[in-house]
Each structure stands twice: as C-alpha cells, then as structure tokens.
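The values are calculated or read from the model by the stated rules, or taken from the named source; none is laboratory data. Predicted, not measured: the structure shown is a model, and the values here were computed from it. Neighbour counts are summed over all protein chains in view; Cβ atoms, including those assigned to glycine, are modelled from backbone coordinates with ideal geometry. All accessible areas refer to the heavy atoms of the entire protein, side chains included, with ligands and DNA or RNA removed. Shrake-Rupley method; radii C 1.70, N 1.55, O 1.52, S 1.80 Å.
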Amino acid sequence: MIIKPKIRGFICTTAHPAGCAAHVNRQIDYIKDSTAIQGAKKVLVIGASTGYGLASRIAASFGMGADTIGVSYERPAADGRTASAGWYNTVAFERAARAAGYIAESINGDAFSHEIKQETLKLVKEKLGKVDLIVYSVASPRRTHPDTGETFNSVLKPIGQPFTNKTVNTNTGVVSEITLEPATQEEIDNTVTVMGGEDWSLWLKALEEADLLADGVTTLAYSYIGPEITEAIYRKGTIGQAKNDLEATAHTLTKQLERYQGKAYVSVNKALVTQSSSAIPVVPLYISLLFKVMKEKGLHEGCIEQAQRLFEKLYSGSTVETDEEGRIRLDNWEMREDVQEAVKAAWSEITTENVSERGDLEQYRLDFLQLFGFGFDEIDYELDVDPEVHTN
Ligand code: NAI
C-alpha cells in the first residue's frame with residue numbers, strides 16, 4: 001500500500017509505519033546524544049504512544065537505561081486502513097528498546113478501565129517487579145467511568161463568558177476570528193472527570209494494592225499554564241479546571257506516597273504540536289508564533305528535549321526545583337518575559353497575509369505531519385509498504 005497523509009480538519013486519518021519509526025528513532029538518537037541520567041530503572045508510562053508520553057518513555061529507556069511498560073489506546077491496521085501513528089510508534093519503540101537490551105512491553109486498551117489496569121499490573125509484576133517511576137500522560141476526549149459505565153466527554157470551552165480571539169486554519173493558513181460560547185457547569189464537571197486527576201490516583205491506588213510501588217517511587221503527570229492570549233480557552237477554561245484538579249491530585253498522592261518516601265509531581269510543559277493540542281482553538285496560532293520567537297532565540301524544544309530536561313531536573317540534584325505550588329516548570333523558556341513580549345507583539349498584528357512571515361506555520365505543519373510519520377526526508381513515500389506491522 002502507498003500511504004499518503006489524509007488530513008481532515010485537525011486530524012490525519014492515515015499514518016506511515018516507516019515514517020513513525022523514523023520519528024521514534026530521531027528521538028532515540030537525541031537521547032543517546034544527551035547526558036545519561038542515573039534515575040528510574042523500572043518505569044510505567046500510561047499514555048505512552050505519542051507526544052509527551054512517548055518522549056518520556058524514550059528518555060526513560062535510552063537516557064536512564066530503564067525497562068518500560070507502556071499503556072496506550074491505538075488502532076491497529078484493518079480493512080485497508082493504516083494503523084494509528086501511536087500504534088506504529090509503539091512497535092518501533094519496542095523493537096529499538098529490545099534491540100538495545102531493555103525490557104519493553106506494551107498494552108493497548110482503555111487505561112480508564114479496571115480491566116486494563118489489572119492486565120497492566122499483571123504484566124508489571126511479571127516483567128518489571130516494583131516500579132520506581134509512573135508517568136501519567138493520557139490525553140483523551142472521553143472517559144468511560146470504570147465503576148458506573150457512564151461515558152463523559154471533555155470540551156474545550158471558556159468559562160463564564162464567550163471568548164473571541166484569532167485562530168488559524170493550519171491547513172489553509174487563513175487567520176480568522178473565532179467566538180467560543182462558555183461551557184455549562186455539566187460540561188466543566190465532565191471535562192474534569194475526563195482530564196482531571198481521578199484516573200491518575202486510581203492507577204496509583206491499584207499499583208499500591210498490588211504492592212508494586214518501589215521505595216522512593218516518583219509519579220508524574222503533565223500540565224500546561226500558558227500566556228494571557230490562550231488563558232480564556234486554556235487555563236481559565238474547562239481544560240484548566242481539569243488541570244487544577246490534576247495538580248491538586250499531585251499533593252494528595254504525595255501524602256499517600258509518604259510511606260514509600262515517594263513523590264507525585266506535576267510538570268508544567270511547553271506548548272507543542274501534538275494530536276491533542278492541535279484540537280484546541282486559538283492554540284495552534286499561538287504555537288506557530290511562539291515557535292518562530294523561540295527558534296530565533298535558540299530556545300526551541302520538542303517533546304523529546306522537554307523529556308530529557310525533565311529527567312535531568314528530577315534526578316540530577318539532591319532536591320527537585322519547583323514553583324511555589326510544587327510544580328516542575330519546563331515552560332520556563334516559553335514563559336520568559338522577552339519571549340512572551342515578542343509573541344504578544346506578533347499576535348496583535350497577525351493576519352492571513354503575514355502569518356507565514358510572522359509565525360512559523362511551516363514548522364507547525366511539518367511537526368503535525370511528522371506526528372503521523374510524514375515529512376521525513378529519509379523516507380520514500382512512493383514505496384509500497386505493509387500497513388500491518390506488529391511486534392512479536
Ligand atoms: P497525545 O495526544 O500526543 O497523547 C495522548 C496519549 O494518551 C496517547 O498515548 C494515547 O494513546 C493515550 N490515550 C488516550 N486515551 C487513552 C485511553 N483511554 N487509554 C489509554 N491511553 C489513552 O497528547 P499529549 O499532548 O502528549 O498530552 C499528554 C499530556 O501532556 C496531557 O496531560 C496534556 O494536557 C499535557 N500537555 C500537553 C501539552 C501540549 O502542548 N501538547 C503542553 C503541556 C502539557
């Protein structure tokens with residue numbers, strides 16, 4: 001099958017197995033070229049197949065020498081359709097990690113369910129024993145509650161009043177104004193149920209009950225704050241309420257982990273192109289302006305650079321540097337005053353006509369394509385490839 005990108009709005013419905021492997025291998029190479037870290041050795045990553053979770057898994061194995069188990073929810077190839085990018089990424093990661101001598105096992109299924117938790121615990125017990133790092137990096141538009149069977153949908157909306165701002169159609173480059181109506185209380189609550197901290201704590205509870213937490217265990221989840229431009233739709237919007245809940249969960253978990261001298265952290269990461277962030281209105285335009293500024297200042301990073309910096313912060317010193325809320329701040333370069341001033345200035349002037357020059361839409365589009373394994377020079381996209389790839 002010859003596989004080309006098929007973009008529908010903010011998703012790409014195809015993925016390229018060799019291109020996804022190239023994407024994974026580039027991230028592995030970056031970590032191999034970085035300073036090795038003495039850190040976690042037995043790592044569970046929930047949401048391990050794309051974006052920040054995948055980068056964390058790669059950095060754990062190739063930077064810290066860790067054995068990993070990854071949980072994700074991806075689609076295998078079937079009926080002439082390609083698998084999802086995360087499926088191909090997982091296959092590529094497992095092959096590379098095993099070839100390098102690390103244990104790498106993966107579970108594909110709904111991390112929110114009791115069944116997948118139990119299946120994972122069994123595999124952890126069998127392959128890893130006690131874990132010393134659990135990374136929780138699930139991003140999902142919906143969650144079926146494991147106890148009630150009720151399905152909740154998350155929404156990306158402002159709270160209290162409508163929000164109007166600029167947005168870009170990243171496919172056409174057209175900049176327009178968008179008005180988003182405020183969420184209802186039910187929508188806010190549902191978003192917290194999907195993207196808040198409840199499932200993270202259920203994972204920790206399950207691991208504790210199975211006696212699979214090592215002394216000194218660390219658990220991490222990822223959050224975002226961002227600037228005033230995106231505040232109404234992000235930090236003060238429905239997703240921000242979920243992030244507040246996630247951050248509060250870190251404090252509760254830290255108390256629960258005291259008997260292991262363990263710690264739960266939320267790391268506030270940089271805005272990046274991932275399958276999840278491309279779905280948020282306004283944010284892709286902000287990201288394309290931000291990339292331009294950060295590249296000019298030599299500060300640009302992707303998920304893998306952030307993952308490396310995170311593990312350096314976590315494991316390199318005797319104490320972990322946090323803000324006053326106890327969060328690790330990997331967004332410190334994004335939020336630097338000179339960076340934000342430059343983005344703000346560009347934002348006020350941005351139009352369809354100047355978006356390519358004032359913003360880095362090209363980088364945005366390339367990053368987006370690469371999420372699905374397209375846009376890699378080393379891959380011949382005219383070649384016939386088998387979409388059905390599996391690990392043994
Ligand atoms: P992503 O969409 O690239 O990855 C989501 C992961 O969750 C995938 O591995 C997917 O398979 C998995 N997943 C989704 N539903 C699942 C389910 N029911 N069961 C098992 N696995 C499931 O997302 P991204 O952007 O890497 O997000 C990860 C975390 O990082 C989120 O908490 C997000 O809010 C946070 N973050 C993202 C930023 C960004 O700019 N992309 C910035 C700062 C934080």
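A compact table of results
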read-out	value
Pick from the stretch 118-151, criterion open to solvent by 80 Å² or more (accessible area, probe 1.4 Å) and in a helix (DSSP H, G or I), ranking: farthest from TYR224 (Cα to Cα)	GLU126
Per-region count, the stretch 38-57, residues part of a strand (DSSP E or B) and away from the ligand (no atom under 13 Å from the Cβ)	2
Tally, over the stretch 28-57, of residues that are open to solvent by less than 30 Å² (accessible area, probe 1.4 Å), under 13 Å from the mean Cα position of the chain (by Cα) and over 19 Å from LEU121 (Cβ atoms)	5
Meets criteria (buried (at least 19 other Cβ atoms within 10 Å of the Cβ) and of a type in the set (D, E, K, R)) for GLU247	yes
Subset of the stretch 58-86 (residues that are surrounded by fewer than 24 Cβ atoms within 10 Å (Cβ to Cβ) and within 9 Å of the ligand (Cβ to nearest atom))	TYR73, GLU74
Flag for PHE163 being surrounded by 17 or more Cβ atoms within 10 Å (Cβ to Cβ), within 16 Å of the ligand (Cβ to nearest atom) and touching a residue at least 40 places away in the same chain (Cβ under 8 Å)	no
Residue tally, condition open to solvent by 10 Å² or more (accessible area, probe 1.4 Å) and in contact (Cβ under 8 Å) with a residue 12 or more places away in the chain, over the stretch 229-239	5
Helices (runs of 4 or more DSSP H) (entirely within the stretch 298-392) containing at least 3 residues that are more than 21 Å from the chain's Cα centre (by Cα) and surrounded by fewer than 16 Cβ atoms within 10 Å (Cβ to Cβ)	337-349
Selection count, the stretch 259-272, where residues are polar (S, T, N, Q) and more than 9 Å from the ligand (Cβ to nearest atom)	1
Inter-residue pairs, beta-carbon under 6 Å, first closer than 16 Å to SER223 by Cα and in the stretch 307-329, second open to solvent by 50 Å² or more (accessible area, probe 1.4 Å), 6+ apart	ASP323/ARG329; ILE328/THR322
Boolean, GLU177 is within 16 Å of the ligand (Cβ to nearest atom), farther than 30 Å from LYS263 by Cβ and over 24 Å from the mean Cα position of the chain (by Cα)	no
Residues of the stretch 273-297 classified as near the ligand (Cβ under 10 Å from one of its atoms), surrounded by fewer than 24 Cβ atoms within 10 Å (Cβ to Cβ) and assigned to a loop (DSSP other than H, G, I, E, B), total	4
Some residue of the stretch 87-106 being near the ligand (Cβ under 8 Å from one of its atoms) and touching a residue at least 40 places away in the same chain (Cβ under 8 Å)	no
Hey, ALA307 more than 30 Å from PHE163 (Cα to Cα), touching a helix residue (DSSP H, G or I) at 6+ places or on another chain (Cβ under 6 Å) and within 11 Å of the ligand (Cβ to nearest atom) or not	yes
Near pairs, Cβ below 6 angstrom, 6+ apart or cross-chain, from the stretch 173-187 (more than 17 Å from TRP347 (Cβ to Cβ) and in contact (Cβ under 8 Å) with a residue 12 or more places away in the chain) to any residue that is open to solvent by 80 Å² or more (accessible area, probe 1.4 Å) and not in a helix (DSSP H, G or I)	PRO182/GLN161
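Residues checked against (1) of a type outside the set (D, E, K, R); (2) more than 16 Å from the ligand (Cβ to nearest atom):
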residue: MET195; (1), (2): yes, no
residue: GLU198; (1), (2): no, no
residue: LEU212; (1), (2): yes, yes
residue: ASP215; (1), (2): no, yes
residue: LEU257; (1), (2): yes, yes
